[in-house]
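Trainee: Dropping a structure here in structure tokens format, bear with me for questions.
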Amino acid sequence: MATKLKNTTRHWLFKWAAWLLIMTLGLNIIWSTYQQYTNNQDADFTQDYTSSSVYYKNLDAYYQKVYNAYLPDPKHPNPSLLAEVNSQKGYYYLIAQSDTSFYSNIKSLVDEDDFYSRTYTAKRIDSENYPEFNNEKSYFEVAPPSPTYIVIGLNYEQFKVDSEAYRIDWYDHNKNWIAFIVASLAGILFLMIYLATVSGRIPNSEEIHFNELDRIFIDVYLAIWIVFECLLLALITNSGYFSSELEYAIASMIFCAISGSIGLHYWMMVSKRIKSRTLLKHTLTAFIFRNTLGKVWKLFQTLFEKVKDGPLPVWSVLVAILFMAINIVSILIAIFFMMILGPFGVLVGIFSYGTGIALLAMYLVYQDQQVDRAIKCIEQIEKGDMSPSTTPSTTKQFTKLFQSINRLSEGFRMAVDKEVKAERMKNELISNVSHDIRTPLTSIITYVDLLKTKGLDDPEAPEFVKIIDQKSQRLKQLTDDLFEASKASSGILQVNPERIKLQDFMLQAMGEFEERFGASHLDLRSDFGDEPTWLLADGRHLWRTFENLFLNICNYAAPQSRVYLSSQINPDETVTIILKNISADPLNMSAESFLERFTRGDISRNTEGSGLGISIAKSLTELMGGTFQLETDGDLFKVMVTLPTQV
């Protein structure tokens with residue numbers, strides 16, 4: 001169940017659905033923010049009262065009352081309007097003119113600074129500085145005539161009342177919008193975690209899969225994204241391109257859709273690289289380092305490790321030290337002639353020349369180490385160790401030397417193994433041949449003695465003669481098989497390749513063995529395709545090959561089971577003929593063992609087979625330029641004969 005769910009979540013449809021849902025939530029956030037801004041003029045996005053439009057609106061409303069009450073002549077204000085201005089609790093005003101006369105609702109006011117000290121916050125409005133309050137909502141549009149200016153302020157208690165009222169109003173207008181924003185951001189975060197988890201994964205596979213865009217270096221992609229973001233952001237933030245807030249909101253949504261798509265792809269790309277542990281490797285910075293400073297550093301490190309690990313032959317070290325000493329003396333002599341270049345030139349010359357000499361000296365020591373290692377490897381082989389501890393070399397010559405030593409040791413090992421195997425097979429061959437010849441020969445001797453004792457007139461004499469004849473034929477067949485196996489393995493048989501139609505050949509072969517398969521209670525199933533398939537083989541050897549294979553099936557296949565014959569055409573212009581059957585006895589040996597001579601499916605060797613059929617079939621197949629393969633899986637016995645084809 002868990003595996004099925006995991007494969008389902010990795011399906012490309014779910015990834016695209018998550019992608020689209022993230023984009024939808026992001027665009028909804030932008031659109032809802034635009035609507036919140038346009039539909040709630042009295043409660044803007046800021047929670048700071050002094051930064052809100054409501055604050056300036058309240059100051060503007062009080063300023064308009066003061067302006068209408070005192071101007072155009074501050075010395076003769078409108079009494080009714082003045083009473084309304086003075087009745088507004090917590091708000092103060094100061095009207096100043098160039099003759100230093102001023103008017104205010106704060107009694108015992110000494111000067112303008114005294115007015116500022118008695119108010120919690122104050123804003124000055126005149127013809128010069130009033131535009132700084134002229135925000136998007138167009139407050140303070142009317143300025144007092146020069147040289148008059150008006151200062152509007154309020155005390156701390158009134159500020160707290162107005163600020164708390166604004167906070168409550170702001171929360172009432174924005175709580176649903178805030179809840180939507182938080183829920184959308186949580187959903188986007190969850191979906192981004194999901195995309196990071198399934199990025200690079202496909203159903204029924206644990207490998208990380210990359211696409212063509214993933215070939216771009218991580219830091220290059222990030223730089224492209226940042227440049228793209230800056231260009232689009234500059235375009236969007238320039239309000240001169242848009243005639244209305246709606247156009248601005250639509251442009252912002254388009255900008256966020258494009259940048260969000262690029263950002264999501266970068267997020268998934270980084271996730272793939274983290275999971276495959278190639279995040280730092282797949283950067284342009286790392287690539288440049290690896291191919292410049294990295295190679296130089298690796299060269300120094302490799303040479304240092306080789307010299308440090310030793311062995312360090314004494315003569316090699318002495319030669320290296322002497323070589324460096326001579327070159328240092330040369331440098332000191334050269335310094336005398338380099339004085340015209342100044343101290344800096346001398347230092348640069350010493351450093352560069354000394355570095356080259358040091359590298360050369362380390363290289364000479366390393367060369368000698370490789371020679372010493374090669375000698376020790378050869379000594380190991382001489383002592384009988386066929387797996388000497390050869391180490392790779394950074395130079396072409398020593399690499400070839402160690403490869404040759406490896407091939408030499410491998411050749412010796414294979415020769416020894418082959419000799420041991422040949423000796424074992426020879427002993428087994430003698431043992432098996434002796435057993436297989438002695439069994440029928442013992443029966444012949446026994447029944448001949450019975451005939452001598454009872455005479456030919458005995459009623460059982462014909463049965464004895466029949467058994468003697470069967471055992472004689474068995475001896476003859478064993479001798480013929482052994483002779484044929486010897487000729488086939490030695491390659492002295494003549495091969496006459498000809499075009500053979502596979503379907504006709506197999507139909508004839510199955511017809512010849514139809515009665516034998518029926519007697520063994522085997523159900524033969526074949527499928528060689530409808531299109532004619534041609535083989536390039538020797539017909540006589542091919543018949544002998546499948547005769548042995550069919551006899552093997554009849555002798556060792558489980559009764560009441562099926563035998564499958566099929567073929568497949570390979571891309572390399574060959575045809576593979578496949579035979580599969582179920583063994584009657586457990587297959588307690590490896591597939592390679594069945595290819596050896598005198599090997600049978602029954603270890604007791606009580607069957608009529610000689611154990612040479614599979615070996616003969618393999619040798620004949622290889623003689624015709626084909627390959628012979630054998631596989632076992634439990635009780636399943638599978639043979640694959642591959643031969644050249646000719647169209």
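Trainee: Under a no-solvent Debye model with one identical scatterer per Cα of segment 144-288, what's log10 I(q)/I(0) at q = 0.12, 0.15, 0.21 Å⁻¹?
Mentor: -0.79, -0.99, -1.25
Trainee: Please calculate how many Å² of accessible area segment 493-590 carries per residue, with a 1.4 Å probe and no DNA, RNA or ligand atoms counted.
Mentor: Using a 1.4 Å probe on heavy atoms only, each residue of segment 493-590 averages 54 Å².
Trainee: Considering only Cα-Cα distances, which of the following residue pairs are longer than 23 Å: LYS89/LYS123; LYS6/LYS272; LYS89/LYS160; LYS75/LYS160; LYS6/LYS275?
Mentor: In this structure, LYS75/LYS160 exceed 23 Å between Cα atoms.
The values are calculated or read from the model by the stated rules, or taken from the named source; none is laboratory data. Computed from a predicted model, the values in this text were never measured in an experiment. SASA here: full protein model, heavy atoms, side chains in, ligands and nucleic acids out. Shrake-Rupley method; radii C 1.70, N 1.55, O 1.52, S 1.80 Å.
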